[in-house]
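Undergrad: I have a structure here, written as structure tokens, and I will follow up with some questions on it.
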Amino acid sequence: MKIRDTMLPVLGPQGGKEEINALQEVIESGWWGKGPKVAEFEEKFAEMVGHKYACAVTSASHGQDLVMKALDMKGIDVINPAISFIATAMIPLWNGFTSNIVDVQRDTLCIDPSDVDKYKKPNSEVMIAVNQAGVPCDYKALRKVFGGFILEDTAHSCYTPGAGQGGDAAVWSFQAVKTMPCGDGGMITSNDKQLIEKCKEMTWFGVSSTWSRSQGASGKPGYAWDYQVDLIGYKYYMIDIMAAICLEQMKKLPEHLKFRRHVQERYNNELHEILERPPHSETVQYYCPRLPKKIFNVAPDGSGHSSIGRDNLIDYLADKKIHTSVHFKPLYLYEPLKQNRKYDVCDSEWLKFITLPCHNRMKEEDIDYVIYWVNRWVEEEYL
């Protein structure tokens, strides 16, 4: 098969004239900041995920940070899974907390309840549970071993059945490569009205939004400039430009996910059997099969050894203009997050998984192309 002229990205957003028209509407309205589109998006998104209340923010990371601040806790320990983007463990550090990183389950790569039970501390008051690649954590088992506040990281699981229902609050991501992107953005959802109202108040320095005051929320027509500040706040609010894109992406989400599941099905059916398939995902935020490292002797007398595995495949595919990734490097390997313990599952599994292209910009011939070159490498280089 002929090598492509351009790199096939591993992830990417897909938009069209609907998003362009929605942006034009906002631009022409004269209200570009937090306004009616954000309010509409919060209401519709909360309904979609089965929560009563929602707070739109600039990013999922800022959403998690706001929840941490709204809980108003001091000096606590926050439990995190070893496999996640680094933000999950950095956010507790922003708030003066400790990040307690525990191992994951082998099949799902989600946080392991038995490791939570083993390493939880007397001051472990919050857990960030990540639905890795859209696969839900075992929340029933987590509730049995942990009685604190569970923040469900649903960045990968927008539209996964039941997502957001396992924790006390959920934080969603609309970052550029997520299943419902707007460039960047996030949403906090919960059935806890007080929590969401506090988060909303903190999104703009403790000030109620200009839009709500312009609609008479201050109770003083003509006095939209007059506000009170009762708590320390930040600048984390979503703007209408972002919300307008999200509202259009939300309409397309079922069809977008249908195509991602199609890519997942083709990979499952057609990739070489040596690659271990990932667990089924309804959102397929990432497609991450696993390839065991193969070790072999390099001398006839058995002295010395060499190996071939995931990293070799990454290099090979890059030469064929296929961009891949790894989701994710374990958190405890980063200097600020080092832990003094062993991670039996994570240490063995993370060196195996590779993220293959899976997104809505792909065409059937792109899927064919990835399958062909992965299988060719396995047959010619690995076996």
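Undergrad: Return the residues of the stretch 132-158 that are on the phi > 0 side of the Ramachandran plot and either in contact with an Asp or Glu (Cβ under 7 Å, 6 or more places away or on another chain) or surrounded by fewer than 18 Cβ atoms within 10 Å (Cβ to Cβ) (or both); say none if nothing qualifies. I'd like the intermediate steps shown before the answer.
TA: Going residue by residue through the stretch 132-158, those that are on the phi > 0 side of the Ramachandran plot are 133-134.
Correct list: Gly134 only.
Undergrad: For the stretch 236-294, how many residues are in the same structural domain as Ser306 (by TED's automatic domain parsing) and over 17 Å from Gln14 (Cα atoms)?
TA: 27
Undergrad: If you scan the stretch 236-278, which residues turn out to be part of a loop (DSSP other than H, G, I, E, B) and under 17 Å from Thr179 (Cβ atoms)? Steps first, answer last, please.
TA: Going through the stretch 236-278, the residues part of a loop (DSSP other than H, G, I, E, B) turn out to be 236, 238-239, 271-275, 277-278.
Answer for the stretch 236-278, where residues must be part of a loop (DSSP other than H, G, I, E, B) and under 17 Å from Thr179 (Cβ atoms): just Pro278.
Undergrad: Can you find a residue that is buried (at least 17 other Cβ atoms within 10 Å of the Cβ) and farther than 18 Å from Tyr286 by Cα anywhere in the stretch 310-318?
TA: yes
Undergrad: Say we look at the stretch 332-357 and pick out the residues that are among the hydroxyl-bearing types (Ser, Thr, Tyr) and buried (at least 20 other Cβ atoms within 10 Å of the Cβ); which of these is nearest to Asn100 (Cα to Cα)?
TA: Tyr332
Undergrad: Being in contact with a helix residue (DSSP H, G or I) (Cβ under 6 Å, 6 or more places away or on another chain) and more than 28 Å from Asn123 (Cα to Cα) is the filter here; which residues of the stretch 56-77 pass it?
TA: If the condition is that a residue be in contact with a helix residue (DSSP H, G or I) (Cβ under 6 Å, 6 or more places away or on another chain) and more than 28 Å from Asn123 (Cα to Cα), then Ala56, Val57 are the ones that fit.
Undergrad: Still on this structure, I have one more. Can you confirm whether Lys74 is in contact with an Asp or Glu (Cβ under 8 Å, 6 or more places away or on another chain), surrounded by fewer than 22 Cβ atoms within 10 Å (Cβ to Cβ) and over 23 Å from Thr355 (Cβ atoms)?
TA: no
Undergrad: I've got another one for you. Can you name the number of the only condition in (1) hydrophobic (A, V, I, L, M, F, W, C); (2) within 30 Å of Arg260 (Cβ to Cβ); (3) without any contact (Cβ under 8 Å) to a residue 40 or more places away in the chain that Ile101 fails?
TA: (3)
The values are calculated or read from the model by the stated rules, or taken from the named source; none is laboratory data. From a predicted model like this one, the values you see are computed outputs, not experimental measurements. All Cβ positions, even for glycine, are placed from backbone atoms using ideal geometry, and neighbour counts span all protein chains on display.
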